[in-house]
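Engineer: One structure is given below, represented as structure tokens, and several questions about it will come after.
The values are calculated or read from the model by the stated rules, or taken from the named source; none is laboratory data. Since the model is a prediction, treat every value here as computed from it, not as a measurement. Note that each Cβ is placed from the backbone with ideal geometry, even for glycine, and that neighbours are counted across all protein chains shown. The protein model used for the area step is the full one, side chains on, heavy atoms only, and it has no ligands, DNA or RNA in it. Shrake-Rupley method; radii C 1.70, N 1.55, O 1.52, S 1.80 Å.
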Amino acid sequence: MDPDRILPSFPAPSYRGAQEQALCDIRDAFAAGNDVVLVRAPTGSGKSLLARSIAGAARTTEEAKPAQATDAYYTTPQVSQLDDVAEDELLEDLSIIRGKSNYTCILNGETDTPVDRAPCARQKGFDCTVRHRCPYFSDRAIASNRKIAAMTLAYFMQTAGSDVFRQRDVVVIDEAHGLAEWAEMYATIDLNPNTVPVWDDVGVPDVTAADDPLERTVRFAEALLQVCSNAKDELLTKSELTPEEASRRDRLQELRSELKWFIEDYRDPESPTTWVVDQFGGEGEPITAKPLDPARYLKHTVWDRGNKFALLSATILNKDAFCRGVGLDPSNVALVDVEHTFPVENRPLYDVTQGKMTYEHRDETIPKIARLLVRLMAKHPDEKGLVHCHSYAIQSELRKRLAQLGLGGRIRGHDKANRDAELETWKASSGADVFLSVKMEEALDLKGDLCRWQVICKAPYLNTNDSRVAQRLEDGQWSWYRRAALRTVIQACGRVVRAPDDYGATYLADSSLLQLFDRTRSEMPEWFAEQVRRMSTPDLPEFDQEAAGGRGRSSGSRPSPRSSPSRSSSGSSGSSRSSSRQSSGSTSSRGRSGTGGENSRSRSQSDDADDRSNHPLSDVWGDG
């Protein structure tokens with residue numbers, strides 16, 4: 001890597017905000033000998049452009065000696081962010097590759113068939129005459145030979161050890177704040193009827209009844225591995241498979257790899273990984289084995305893939321804690337802070353807390369939040385709003401209560417199946433509808449009039465009934481627990497202000513959020529701490545269902561977007577302007593109530609996990 005090439009590699013015709021200074025600091029951090037640079041860049045700082053500049057400093061083929069790594073990878077956990085990169089003209093030299101299921105076959109009669117179910121995946125010895133034109137293999141070949149290959153983090157990890165996507169000189173990971181959690185999720189062994197094709201052929205024990213539940217789980221995994229191997233071998237005897245059989249074969253192969261990894265890691269006395277097990281309901285019920293701090297997994301799938309790394313995010317809150325979580329030596333890691341250039345008065349926080357939203361207090365607080373939303377809708381009769389509901393249970397209850405108040409016509413929502421479609425429909429609408437969202441605190445760009453106000457209904461503490469969370473809290477890791485919640489809040493606050501002249505208000509409805517801020521003040525980036533210091537209580541209209549319906553304007557004029565929250569009583573900061581942006585081993589079979597965390601016994605099973613089609617790994621399932 002040549003750090004001096006970072007600034008000349010900037011793809012835009014000019015810098016915006018603090019971009020030039022940020023790149024100078026990043027250059028200096030690499031030049032000082034650091035192998036990893038953490039870039040804490042707030043929303044709207046143009047992280048993708050910074051990423052492109054860093055990738056441009058990678059060693060070239062012309063400069064390399066034999067066997068030296070060259071070129072760069074760009075990767076992000078968010079599929080939507082990869083879509084944004086694909087649409088950005090300034091990033092057109094990033095060569096994007098996706099999982100096979102995202103491409104369709106071009107053979108006659110197969111044009112509706114995903115590549116991972118095409119004849120080449122179904123027929124033994126199939127000789128595809130158009131493989132050189134196959135959209136998947138063509139994109140893969142191009143990406144493997146271009147200077148910057150871009151892919152999701154799931155695909156990047158899945159291709160570890162492949163001959164096609166070898167080690168490169170520079171790896172840039174965008175939205176890297178959740179790297180440890182994403183790695184834990186990817187390495188989780190989830191055994192249930194949807195993920196185990198031979199589920200009906202095995203007897204699933206009650207592992208929680210054993211003296212050592214984890215050991216009992218591993219012995220079950222060893223037995224299941226043999227059943228999967230036999231089933232796969234039986235399919236391989238066929239000369240041609242149906243699409244369904246091809247899918248079954250691929251899943252069996254994936255499951256075999258997952259089980260082998262789990263068994264080997266557990267049996268390895270040198271492995272630093274701690275495994276925990278969940279099984280709710282006993283014999284015959286699903287089993288989930290989850291790793292804590294999977295440093296060994298990250299070494300193989302990430303750290304062995306490059307020489308130099310840049311990890312970008314707005315919410316890497318604590319350098320040492322982050323490094324511990326992902327298996328890095330802090331002495332070899334630099335942290336670069338990028339200045340926030342959006343005026344703080346354009347991104348106000350408002351205290352409209354109605355009580356606690358912990359499970360034991362929720363029934364009394366939700367009705368108050370529903371009435372609060374009526375007042376906020378009256379305050380913003382002509383502006384779109386977003387409500388971060390945290391869970392589908394909260395979303396359902398708020399939607400029901402607002403409908404009972406006669407406001408169903410201004411309310412939109414989604415479920416897991418229509419999440420993206422409903423979001424796009426709401427964004428495209430010209431009215432002032434309010435969108436009740438679940439798990440949309442990240443990777444959502446609501447610039448300009450797409451949204452002018454939002455509500456955070458609940459402090460987003462992690463589910464204390466999750467065995468990983470429970471184990472960490474038993475180990476006293478309360479700072480980690482609060483830091484994870486703060487990170488989500490900061491991410492959420494960035495959804496509605498996307499440019500220096502954009503503006504949007506964030507209302508805090510859960511009093512636990514104020515307690516969270518008090519306990520994490522030292523962890524906050526300074527630009528967010530300033531928002532918290534300026535937080536005020538707004539003057540809201542009286543409860544008025546007719547005004548909330550969007551048929552009239554609330555009394556009083558809207559203030560200037562530059563007015564200070566401490567002087568303004570408005571929940572909507574700013575006149576109606578268009579925005580501009582630069583292109584760019586324990587079990588959890590027992591219940592746990594926790595502090596602020598979501599109790600999974602109170603939620604439906606569909607609220608605990610997305611189905612396979614919405615899972616972050618859906619981008620790569622079936623790839624070989």
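Engineer: With θ taken as phi - 60° and the coefficients 6.51, -1.76 and 1.60, list the Karplus ³J(HN,Hα) couplings across the range 207-223 in order, rounded to whole Hz; mark glycine and proline as x.
Structural biologist: 6, 6, 7, 7, 5, 10, x, 5, 4, 5, 5, 5, 5, 5, 4, 5, 5
Engineer: Where both residues lie in the chain, what percent of DSSP beta bridges are antiparallel, nearest 5?
Structural biologist: Around 20 percent antiparallel, to the nearest 5.
Engineer: Which of these values of semi-axes √(5λ) of the Cα gyration tensor in Å was calculated from the structure shown: (1) 40, 31, 25; (2) 40, 27, 24; (3) 41, 30, 22?
Structural biologist: Of the listed options (1) 40, 31, 25; (2) 40, 27, 24; (3) 41, 30, 22, (1) comes from this structure.
Engineer: Let me ask something else. Under unit Cβ charges (Lys, Arg +1; Asp, Glu -1), what dipole magnitude, rounded to 20 debye, does the range 119-249 have relative to its Cα centre?
Structural biologist: 1000 debye
Engineer: Assuming R0 = 35 Å, can you tell me the calculated FRET efficiency for the pair ASN418 and GLU364, based on Cβ-Cβ distance, to the nearest 0.05?
Structural biologist: According to the calculation, E is roughly 0.65.
Engineer: Relative contact order (percent) for the range 193-285, with alpha-carbon contacts under 8 angstrom and 6 or more residues of separation?
Structural biologist: Taking the mean separation of contacting Cα pairs over the length of the range 193-285, I get 45 percent.
Engineer: I'd like the distance between the alpha-carbon centres of the range 182-248 and the range 386-405, rounded to an integer number of Å.
Structural biologist: For the range 182-248 versus the range 386-405, the Cα centre distance is 38 Å.
Engineer: Then there's this: Quick check on packing: order 87-98, 435-446, 414-425 by the mean number of other C-beta atoms within 10 Å, highest mean leading.
Structural biologist: Most protected by this proxy first, the peptides run 435-446, 87-98, 414-425.
Engineer: Here's a follow-up. Residue farthest toward the positive end of the dipole of the range 344-547, with Cβ of Lys/Arg at +1 and Asp/Glu at -1: which of ILE369, ALA505, ALA393?
Structural biologist: ALA393
Engineer: Ranked from highest to lowest mean number of other Cβ atoms within 10 Å per residue, what is the order of the peptides 292-301, 194-203?
Structural biologist: Per-residue Cβ counts within 10 Å, averaged per peptide and sorted highest first, yield 292-301, 194-203.
Engineer: Among DSSP beta bridges lying fully in the range 344-547, give the percent that are antiparallel, nearest 5.
Structural biologist: So the antiparallel bridges amount to about 0 percent of the total.
Engineer: Related question: Please list, ordered by chain and number, the residues whose modelled amide H lies under 5 Å from the amide H of ILE411; skip anything fewer than 5 residues away on the same chain.
Structural biologist: Hits under the 5 Å cutoff: VAL434.
Engineer: If you place +1 on the Cβ of every Lys and Arg and -1 on the Cβ of every Asp and Glu, how big does the dipole about the Cα centre of the chain come out, in debye to the nearest 20?
Structural biologist: 1560 debye
Engineer: Could you compute the FRET efficiency for ASP201 and SER80, with r as their C-beta to C-beta distance and R0 at 51 Å, rounded to 0.05?
Structural biologist: 0.85
Engineer: Quick one: what does P(r) look like for the range 168-225 with 5 Å bins over all Cα pairs, in whole %?
Structural biologist: Reading the bins upward from 0: 4, 14, 17, 17, 15, 10, 8, 9, 5, 2.
Engineer: Let me ask something additional. Compute the length gained on full extension between GLU215 and TYR15: take 0.36 nm times their separation in residues and subtract their Cα-Cα distance, giving the result in nm to one decimal. Don't jump to the answer; show the numbers that get you there.
Structural biologist: Working: separation 200, 0.36 × 200 = 72.00 nm, distance 5.62 nm.
In short, 66.4 nm is gained.
Engineer: What does the charge dipole of the range 193-285 about its Cα centre add up to, to the nearest 20 debye, if the Cβ of each Lys and Arg holds +1 and the Cβ of each Asp and Glu holds -1?
Structural biologist: Around 280 debye, computed over the range 193-285.
Engineer: For the range 504-520, take each phi angle, set θ = phi - 60°, evaluate the Karplus expression 6.51 cos²θ - 1.76 cosθ + 1.60, and give the result in whole Hz per residue in order, putting x for glycine and proline.
Structural biologist: Each residue's phi maps through the Karplus curve to give x, 9, 10, 9, 9, 9, 9, 5, 5, 5, 5, 5, 4, 4, 4, 8, 10 Hz.
Engineer: Follow-up question, since we're still on this one. Which order, highest average first, do 506-518, 334-346 follow once you tally other Cβ atoms within 10 Å for each residue and take the mean per peptide?
Structural biologist: Packing order, densest peptide first, comes out as 506-518, 334-346.
Engineer: Check ASN465: other-chain or 5+ apart residues with amide H under 5 Å from its amide H, H built from backbone geometry?
Structural biologist: Counting only residues 5 or more places away or on other chains, the set is SER600.
Engineer: Taking a 1.4 Å probe, which of SER536, SER247 shows the most accessible area, and what order do the others take after it?
Structural biologist: SER247, SER536
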